Amino acid sequence: MYDLAVFDVAGTVVTDDGIVIECFQQAFAMVVPITWADKKDEFMDYAQRTMGQSKVEVFETLLGDDDLVERTNDEFQNAYLERLDEIEPIEGVEGLFETLREKGIKIALNTGFNRETLNTLIYNLGWQELIDATATQTETGKGRPAPDMIQWVAKECGVEDPSRVAILGDTVSDIEAGINFGAGMKIGVLSGFNDEQLLRSAGADEVFDDVTKAVDVLNERN
């Protein structure tokens, strides 16, 4: 039985279509053009391998310098905000949120985006009344695969037993964070970045084409 479902954002509850990767490319090209020209393949390989993790932590690993990290992260977040009109909910996800809440399961979001980007996205989608809690690295200090963001929303929702929490995401980092938290169910989805083999190898209990297909698994246990 689950009391809380924790969803990733890009590629899980909203469409991505390569926008996140393109925002990485724009940020590097704007802030560190010379380094970017020399290390483009290395940077993008790392960004893709760590998809789902905190964007700040990715920039810290690749750039090291605090000023460059802050500027590159700001550029990334601004690039994504500028493309919000291209971001759409995964078809049926709002109905899924409503169904789960009717069953007594609270809804939370956690993301590698910063607080401003997440709040703006939620506002633009009109999801203020659908979401019970949210977490970003802004509050928790650590992003995925650390469990801190899941711990944050679980506390916000008053859920003390990790086995009563389900996590849903499109990346290995999502699944690893769920494992590190001790979540009772780790669900991978194929609407975003990683494929089924990678998600199952990471420890996903179930893998679905998209989050709406997870409704039966969650409802069966409630």
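Screening GLN53, GLN48, GLN77 for residues that are loosely packed, with under 15 Cβ neighbours inside 10 Å, closer than 29 Å to GLY178 by Cβ and not small (Gly, Ala, Ser) leaves exactly one candidate, GLN48.
Any idea how many residues of the range 1-31 are part of a loop (DSSP other than H, G, I, E, B) and crowded, with 21+ Cβ neighbours inside 10 Å?
Residues of the range 1-31 part of a loop (DSSP other than H, G, I, E, B): 1-3, 8-9, 11-13, 15-18.
Now narrow it down to the ones that are crowded, with 21+ Cβ neighbours inside 10 Å: 2, 8-9, 11-13.
Of the residues in the range 1-31, 6 are part of a loop (DSSP other than H, G, I, E, B) and crowded, with 21+ Cβ neighbours inside 10 Å.
Restricting ASP66, ASP41 to residues that are within 28 Å of ALA202 (Cα to Cα), among the charged types (D, E, K, R) and loosely packed, with under 15 Cβ neighbours inside 10 Å narrows the list to ASP41. Considering the range 202-222, and only residues there that are part of a helix (DSSP H, G or I) and polar (S, T, N, Q), the residue that is surrounded by the most Cβ atoms within 10 Å (Cβ to Cβ) turns out to be THR212. Checked against (1) part of a helix (DSSP H, G or I); (2) buried (at least 20 other Cβ atoms within 10 Å of the Cβ), ILE34 passes all but a single condition, namely (2).
Every read-out reported here was derived from the displayed coordinates using simple, explicitly stated rules and does not represent laboratory data. These numbers come from a predicted model, not from an experiment. Glycine also receives a Cβ, built like all others from the backbone with ideal geometry; neighbour counts cover every protein chain displayed.
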